[in-house]
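Notes follow once the structure below has been shown.
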Amino acid sequence: MSELEEAGIIDAATADRIRQYYQDKSPDRPVPLLLIFGVIGSLLTGLGIILIVAHNWEWLSPGWQTACALIPVVLGQLLLIYGVRKHSPGSTWRESSSTFLVFALGAGLAMISQIFQLPGELPEFLLVWILLALPLIYLVPSLTVFYLGLIGITWYGILTGYEGRGLSNYWWLLLLWLPAYIWGIRRLQTVTWFRWSHGLLLLSLTILLGNLTYPFTAGTWLIYLFWTGLLLHLADLGQWSILPWFRESFRWIGSLGLWLLLFIFSFKPFWEQWPKWHGQYLPPVSSSSFWFLVASGVLYLALFFRRHQSGYIQREMVLKWVPALVSLCLMFQVPALWGTAILNALILGLGVYSILQGWRGNHLAEVNRGLAIILLLICCRFFDTNWSFIVRGLLFTIMGILFFAANYWIIKRKKDGI
Amino acid sequence: MEFKWPPWTFPLLIAALGIQLIVPLSTIWNNWRVLAHGEKHFLACAPVDPTDPFRGKYLTLHFAIEDSSYAALPDWEIDQTVYGHFIHQADGSSIIDQISTSIPQGDYCKVIIADFVQRQDGYRVMIRLPISRWYVEESQAQEMEVRYREHMRNHRPLLAEVHVFNGRLVLSGLRFL
């Protein structure tokens, strides 16, 4: 580059632009090892402090106990201030000192409520902790606190989201967290460590989706079904799929959720319970849950009839059809026996399909995924069928032999270069 | 993973760190004020023993007054916060004799409506006190529970010592009588 510049072929500005271009384009910027160890170290120290605190040191006077509670916090703060003054953003110093501070803060708060017998349950405690720690994401700034924050917010959501009192504070906390995420998407795309946040956010949203479906009716199941379908569609919708890890995150969380639902639906008691779920089949029209159901259904259908990009994977196409099929069965309230039979056949079919696809393409993982699905299905049927031990034993033996045979043959075929 | 960050965030960071200290300290201050100036009451109770992942072992307290019902107005709702009025009894323990939506004279604290029923003699509510935990040292939790069970089997009263000040309620001890 400098050679070209000296020869006068390109001017200095162009050279800079080209350098910038290649710098931006350069693939992954991995996490330095020191950073990982620093953060793990402070995580462990912090967690250790919390456990020690949980012991409740009664023989110390309240004054000393308070001092013990606040010393780690002040220490963490001093370390953090030093880190921020002397080291650049994203450095090991900033990340590990803020991680330590987060845990010291949690321990300190817990200890004080213990010493002074303060009222309040775990959710309220978590809320104070999260609110005091969240500014560190923006002011340090710290990616570790960014992750810890999302985990904390999700935990708070799980504790409060399903009590049945409508909207959880989870959503407001998430709003405080989201600007950091949006900033990260624009600026930290190439940082490997940031990419996990897509998947984690989707997982958090999926777990707390149920909170929006209050009052919880049978419709909640439909919403979840459409949601997994939506995620699978979003995996290859427009620009998103270009961004690294976005696609993978949508695909992973979408299929994880869908498989979980399919296996739940494969139990007969579910279908017997279905028409009379929580006393009402669909949420009342006046509730937001109803409109949420309609919106997710319409969105899923809209994407359903969209033209697919070239280069799609056949297996994913099939998976996207599944929510439509299952939701039809659910909405028409097919008899319990039929519903169970259809779902079991569907799972079995998907398993066999996966095995065949893998076999054709010599993909060992694909074949094993299919076998695992069928095996899991058999395990599930152990709970609600009265098959004799001979049948069960035979099924397991056959599956075991299949596992061996399939893997053996594919490895052999790969070796032979077919 | 290096990037630039505006320097004006530093004063804000210091402010945020300050708040991290002010929040626990102000709680301690409020608590101390109640203990120093509050009126002492004894409430009859009955504990059990779960674990909180962060704050160690504690006894969950259930107060006898939470089992009695109070006259209510029809527009009150479950989970609403109302005021309970404390009175001392002849045996040394205290009870809440009435609840209201306005601040009563004398010792009072905020209570939460736990249940709402309509009976022939009018509307009645059950209440829940804002305090429910007594933290004990890890090794003592088991011992406390055994002691409590013994105590209850012999039909002897267990009293919780609380301080009441300006509507705040602070738990300060347990009395095995």
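The values are calculated or read from the model by the stated rules, or taken from the named source; none is laboratory data. Remember, it's a predicted structure, so these values are computed and weren't measured experimentally. Every residue, glycine as well, gets a Cβ built from its backbone with ideal geometry; the counts of neighbours run over all protein chains shown.
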Checking the structure you have, find out if any residue of the range A:341-355 is part of a loop (DSSP other than H, G, I, E, B) and under 22 Å from A:Leu222 (Cα atoms). no
How many of the residues making up the range A:383-417 are surrounded by 11 or more Cβ atoms within 10 Å (Cβ to Cβ) and either touching a Cys at 6+ places or on another chain (Cβ under 6 Å) or in contact (Cβ under 8 Å) with a residue 40 or more places away in the chain (or both)? 7
Residue count for the range A:101-152, restricted to those that are of a type in the set (Phe, Trp, Tyr), facing another protein chain (nearest Cβ under 8 Å), touching a residue at least 24 places away in the same chain (Cβ under 8 Å) and in a helix (DSSP H, G or I): 1
Does A:Arg195 count as basic (Lys, Arg) and touching a residue at least 12 places away in the same chain (Cβ under 8 Å)? yes
Restricting to the range A:128-149, name every residue that is surrounded by fewer than 19 Cβ atoms within 10 Å (Cβ to Cβ) and either hydrophobic (A, V, I, L, M, F, W, C) or touching a strand residue (DSSP E or B) at 6+ places or on another chain (Cβ under 8 Å) (or both). A:Val128, A:Leu131
Hey, any hits in the range A:366-376 for a residue that's under 27 Å from the mean Cα position of the chain (by Cα), free of Cβ contacts under 8 Å to residues at least 24 places away in the same chain and surrounded by fewer than 20 Cβ atoms within 10 Å (Cβ to Cβ)? yes
All positions within the range B:108-154 that are of a type in the set (Ser, Thr, Tyr) and farther than 26 Å from A:Ala110 by Cα: B:Tyr108, B:Tyr123
Here are the criteria: (1) away from chain A (no Cβ under 14 Å); (2) within 15 Å of B:Arg168 (Cα to Cα). Tell me which single one B:Ser100 does not satisfy. (2)
Could you list, in sequence order, the residues of the range B:145-164 that are surrounded by fewer than 19 Cβ atoms within 10 Å (Cβ to Cβ) and outside any loop (DSSP other than H, G, I, E, B)? B:Glu145, B:Val146, B:Arg147, B:Arg149, B:Glu150, B:His151, B:Met152, B:Arg153, B:Glu161
Anything in the range B:103-133 that is among the hydrophobic types (A, V, I, L, M, F, W, C) and part of a strand (DSSP E or B)? List them, or say none. B:Cys109, B:Val111, B:Ile112, B:Ile113, B:Ala114, B:Phe116, B:Val117, B:Val125, B:Met126, B:Ile127
B:Trp76: assigned to a loop (DSSP other than H, G, I, E, B), closer than 29 Å to A:Leu122 by Cβ and either over 20 Å from the mean Cα position of the chain (by Cα) or within 14 Å of chain A (Cβ to nearest Cβ) (or both), yes or no? yes
Per-region count, the range B:145-166, residues under 30 Å from B:Val82 (Cα atoms), more than 13 Å from every other protein chain (Cβ to nearest Cβ) and not polar (S, T, N, Q): 5
Residue tally, condition aromatic (Phe, Trp, Tyr), over 25 Å from the mean Cα position of the chain (by Cα) and more than 7 Å from every other protein chain (Cβ to nearest Cβ), over the range B:1-32: 1
Give the range A:323-362 a look and list any residue that's more than 25 Å from A:Lys276 (Cβ to Cβ) and touching a residue at least 24 places away in the same chain (Cβ under 8 Å), or say none. A:Leu348, A:Leu350, A:Gly351, A:Tyr353, A:Ser354, A:Ile355, A:Gln357, A:Gly358, A:Trp359, A:Asn362
Could you please find all residues in the range A:61-84 being at pLDDT below 90 and within 11 Å of another protein chain (Cβ to nearest Cβ)? A:Pro62, A:Gly63, A:Gln65, A:Thr66, A:Ala69, A:Leu70
Determine, yes or no, whether B:Gln142 is part of a loop (DSSP other than H, G, I, E, B), of a type in the set (S, T, N, Q) and more than 11 Å from chain A (Cβ to nearest Cβ). no
B:Ala141 fails exactly one of (1) surrounded by fewer than 12 Cβ atoms within 10 Å (Cβ to Cβ); (2) closer than 20 Å to B:Leu159 by Cα, namely (1)
Could you figure out which of (1) touching an Asp or Glu at 6+ places or on another chain (Cβ under 7 Å); (2) within 9 Å of chain A (Cβ to nearest Cβ) isn't true of B:Phe42? (2)
Restricting to the range B:79-98, name every residue that is surrounded by fewer than 17 Cβ atoms within 10 Å (Cβ to Cβ) and part of a loop (DSSP other than H, G, I, E, B). B:Asp79, B:Gln80, B:Gln89, B:Ala90, B:Asp91, B:Gly92
Would you point out which residue out of A:Arg360, A:Arg306 is surrounded by fewer than 14 Cβ atoms within 10 Å (Cβ to Cβ), of a type outside the set (A, V, I, L, M, F, W, C) and not in a helix (DSSP H, G or I)? A:Arg306
